[in-house]
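Asker: The following block contains the structure, expressed as structure tokens.
Any read-out appearing in this document is the output of simple, stated calculations on the displayed coordinates, not a laboratory observation. A quick note: this is a predicted structure, and the numbers were derived from the prediction, not measured. As a convention, Cβ positions derive from the backbone with ideal geometry for all residues, glycine included, and neighbour counts pool all protein chains shown.
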Amino acid sequence: MVHFVGAGPGATDLITMRGHKLLSEADVIIYAGSLVNKELLNYAKEGAEIHNSAHMTLEEVIEVVKNAEKENKVTVRLHTGDPSIYGAIREQMDILKAVNIPYDVVPGVSSFCGAAASLNAEYTLPNVSQSVIITRMEGRTPVPERESIRSFAAHKATMVLFLSSGLTEELSKELIAGGYDKETPVAVVYKATWPDEKILRCTVENLPQTMKENNINKTALILVGNFLGDDYGRSELYNPEFTHEFRKGIE
Ligand code: SAH
């Protein structure tokens, strides 16, 4: 059996209780070493076999799983944040399915949630934005043309950019070309929830310069939108005049 487990964004107490339990019982652990906090491996049991997938191909990962399976061992495949976001788990699951190895997935706290917490921010403010666009700049993995930054920027919704901190010149241009005001606030969260977390605040226009000055080009999220500002409406849910299923409002 293989458990795909979300490790959370970094802080070792941000893994779920289910993930922690599986990690502490696993015979074999394959962790994404480029981003997963290695201190999480302290939860592993004595004698657990540990592999860092940063040095491995998909085929090598599967080989480790198959060998574990032959000995009836339990494997935890530890992915950063939540495995469903840029986790490359589908290709692993499809191979496991083809060779009849059972698996399941344990969610994790994605770094975009960790980053919002670090900022004390709410992505979905009334009268500002009620949508969060999670996307990335194109890298080696192509992004479909219909999902261009420029087209998303036209919505002026909250935007969360993964995997893009080395491409901010182009990102800034595309955000402006798409319709964001140059002065739209941006927050960069480097290593959200890690002990060496850093937060930078800038605008869409001076984002590239800010990244350069602070020498940040990886392990960061770029958050864009007026949710970072101070103008918003209050929620209807807690409005005294609003009646809903659980509370009668003032008439
Ligand atoms: N599944 C992960 C994302 C993996 S893609 C999740 O849910 O968070 C890797 C990218 O995620 C990095 O390039 C960076 O943009 C972002 N990332 C992962 N952990 C991060 C952290 N602690 N702080 C900021 N960005 C992070």
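Asker: Test of understanding: in a Gaussian network model of the chain with alpha carbons linked when under 10 Å, which of GLU91, GLU170, GLU241 would top the mean-square fluctuation ranking?
Answerer: Maximum among the listed residues: GLU241.
Asker: For every helix of n ≥ 4 consecutive DSSP H residues, a contribution of -39,500 (n - 2.57) applies; sum these over the chain, divide by its total residues, and give [θ] at 222 nm rounded to the nearest 500 deg cm²/dmol.
Answerer: -7000 deg cm²/dmol
Asker: Using the Cα atoms of the stretch 51-193 to build a convex hull, what is its mean projected area in square nanometres?
Answerer: For the stretch 51-193, the mean projected area of the Cα convex hull comes to 10.7 nm².
Asker: Net charge near THR12, counting Lys/Arg +1 and Asp/Glu -1 over other residues with Cβ under 15 Å of its Cβ?
Answerer: -1
Asker: While we're looking at this one, here's another question. Volume per residue, Å³, of the convex hull around the alpha-carbon atoms of the stretch 1-66?
Answerer: Given the Cα convex hull of the stretch 1-66, per-residue volume reads 82 Å³.
Asker: Work out, in µm²/s and without decimals, the Stokes-Einstein translational diffusion coefficient of the chain at 37 °C, 0.692 mPa s, Rh from Kirkwood over C-alpha pairs.
Answerer: Calculated translational D: 164 µm²/s.
Asker: Report, in cubic angstrom per residue, the convex hull volume of the C-alpha atoms of the stretch 109-234.
Answerer: 104 Å³
Asker: Given Cβ point charges of +1 (Lys, Arg) and -1 (Asp, Glu) and nothing else, what value in debye, to the nearest 20, does the dipole of the stretch 45-164 about its Cα centre take?
Answerer: Charge dipole, the stretch 45-164, about its Cα centre: 340 debye, nearest 20.
Asker: With +1 on each Lys and Arg Cβ and -1 on each Asp and Glu Cβ, and nothing else charged, work out how big the dipole of the chain is about its Cα centre, in Debye to the nearest 20.
Answerer: 120 debye
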